[in-house]
């Protein structure tokens, strides 16, 4: 529990989602002898948080029947169907006046340890940032801690957006805290996820070492395509890249080699310096906001022959402006291709991947002249 001599930090637990991919209320899925929501609440009560606010929406009545919501403040978001933004604003509106900030906690992240909540709170109190973000092996996770000064911006959120929507306005006021807790990356979308994540978490499989990193014999002279992120575009990039004769590495904390036809290895640690020490390496950042800022910075500081970012122009400007303020030389910033890919009217993931590979091929051709 919190030290009574210090201002409080509240926890806002976002539990209003409809769980459409799960098929039933995932807040009530059991982990051991408790539901996911109960596990999250138990972890929070073992931390320094001064109060817990639970935002319910879909399945609210069922959840209240099955989960003991004692010593918490329950908020019903009647507009939950409009997206996460409405739940964030509803939860923030309920934060007590004694709190200096709020941890925004996801109800489907039951593995975050009490000590991790405490570390984020301690770092917030010591350094006074506006936003605190946990990093596991270089990858951004949740929960995030938001200072009260930014509450008015959260109160205005609407639609299917979360706290990340305001991050671009405060890139210089963020504190990224390294944590030794893979739980900050693990959210449960399906029952299969829960079983798989329990095994990963229990075994410590995502340690600091690189997993599945052995190069294939005899391929050292091939051009190297490094893909940061795990989505449909990433998978298409890996497949097309392999077909074009590239050695393909995927960088993502939870990616599995079996899900990336064409990839020769997976790296679970965000350290592009291990991969891009020489020319002939082509980096595509496709993390969709999860860790694109960190990956772009590492790639631009390297000797990679190409650095592309799959994002819109607004997001690209936010990243380059932040890196420029951090002192990255303009000549390196000028190397970033964002949005990545040739202008061929690409829309589907496969078309986007094709446009990016075409740009890389054109870049290689220019380099050979």
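Numbers below:
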read-out	value
Qualifying residue in region 166-177 (condition: assigned to a helix (DSSP H, G or I) and at pLDDT 90 or above)	yes
Of all residues making up region 304-322, the number that are over 23 Å from residue 249 (Cβ atoms) and touching a helix residue (DSSP H, G or I) at 6+ places or on another chain (Cβ under 7 Å)	3
Qualifying residue in region 245-257 (condition: farther than 30 Å from residue 18 by Cα, part of a helix (DSSP H, G or I) and at pLDDT 70 or above)	yes
Top-ranked residue in region 270-288 [being out of contact with any strand residue (DSSP E or B) (no Cβ under 8 Å at 6 or more places or on another chain) and at pLDDT 85 or above; ranked as nearest to residue 341 (Cα to Cα)]	288
Answer residue from region 81-97, given it is surrounded by fewer than 22 Cβ atoms within 10 Å (Cβ to Cβ) and in contact with a helix residue (DSSP H, G or I) (Cβ under 9 Å, 6 or more places away or on another chain) and is modelled with the highest pLDDT among those	93
Pick from region 145-165, criterion modelled with pLDDT of 95 or more and touching a strand residue (DSSP E or B) at 6+ places or on another chain (Cβ under 6 Å), ranking: farthest from residue 269 (Cα to Cα)	148
Some residue of region 326-347 being exposed (fewer than 15 other Cβ atoms within 10 Å of the Cβ), more than 30 Å from residue 174 (Cα to Cα) and either free of Cβ contacts under 8 Å to residues at least 12 places away in the same chain or touching a strand residue (DSSP E or B) at 6+ places or on another chain (Cβ under 9 Å) (or both)	yes
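Per-residue answers, yes or no, for (1) within 22 Å of residue 153 (Cα to Cα); (2) assigned to a helix (DSSP H, G or I):
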| residue | (1), (2) |
| --- | --- |
| 43 | no, yes |
| 54 | yes, no |
| 64 | no, yes |
| 68 | no, no |
| 78 | yes, no |
| 89 | yes, yes |
| 92 | yes, yes |
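The values are calculated or read from the model by the stated rules, or taken from the named source; none is laboratory data. It should be emphasised that the depicted structure is a prediction, and the values quoted were computed from it without experimental measurement. Cβ atoms come from the backbone with ideal geometry, glycine included; neighbour counts cover every protein chain shown.
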